[in-house]
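Scroll down for the structure; my scribbles are underneath it.
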Amino acid sequence: MQITAVVNAIAAAGVTLTETPPGTIQARPVSALTGELAYLIRTNKPALLDYLRAANDPGQPEPDLPGAGSDRYAWPHSEAMNSGEIETFTARLCLFASRGLQVDWADSFADRLTRRDREGDSRRTCLECRHLAGRTCAAWRQAGVGGAQLPAELIAKLQRCPGFEAAPLTQEPQP
């Protein structure tokens with residue numbers, strides 16, 4: 001596996017790597033570290049150490065990774081959104097607009113979901129589900145909500161729904 005794929009997989013899991021002490025890799029948060037990620041880090045340790053040293057050495061050029069330059073000072077190193085988060089944020093705005101949300105509310109809600117993703121919260125909203133059409137849930141029986149028409153306060157509530165299926169996210173407005 002190329003170091004690009006390793007670094008991307010680790011970052012996608014919300015794990016941040018640092019070298020402390022020299023020659024040792026520390027992964028944070030430990031709660032996000034799975035056995036698979038630990039194995040990936042262990043088996044790619046020399047390349048990851050080289051990557052970390054190059055990324056933290058101002059005299060070195062940026063690591064040869066897609067988006068590394070623009071994401072170097074973004075999440076998880078700061079509160080700024082990284083390129084992946086920006087793409088997801090934009091796609092959510094398009095999805096929410098196609099579902100009739102006003103732009104300012106959609107923007108605020110997409111930002112809230114970005115924070116949820118960073119925290120590793122596994123709850124979802126009806127607005128993200130492909131089964132939602134207007135205020136109607138096509139999977140209401142599986143979801144156990146008692147009827148196809150959903151109350152407005154439930155649609156934006158973070159929850160764990162057994163009927164949830166992610167709506168496709170694209171950066172094009174959906175019909």
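Read-outs: derived from the displayed coordinates by stated rules, not from any lab. Small disclaimer: the values here were computed from a predicted structure and weren't measured. Cβ sites come from the backbone with ideal geometry, for glycine too, and all protein chains shown count toward neighbours.
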**Message:** Checking understanding here: applying a Kyte-Doolittle mean of at least 0.5 and a length along the axis of at least 30 Å (C-alpha), which whole DSSP H helices in the chain pass?
**Reply:** none
**Prompt:** Pulled fully out, how much extra length does the chain show between Asp121 and Thr34, if you take 0.36 nm times their separation in residues and subtract their Cα-Cα distance?
**Reply:** 29.8 nm
**Message:** From Cα pairs below 8 angstrom and at least 6 apart in sequence, can you work out the relative contact order of the chain, rounded to a whole percent?
**Reply:** 17
**Request:** May I ask which residue of Cys137, Ala55, Gly84 lies farthest towards the positive end of the charge dipole of the chain, with charges of +1 (Lys, Arg) and -1 (Asp, Glu) on Cβ and the Cα centre as origin?
**Result:** Cys137
**Request:** For the chain, give the magnitude of the charge dipole about the Cα centre (Cβ charges: +1 Lys/Arg, -1 Asp/Glu; no others), in debye to the nearest 20.
**Result:** 760
**Amide hydrogen neighbours beyond the local backbone of Cys129, cut-off 5 Å, H modeled** = Ala167
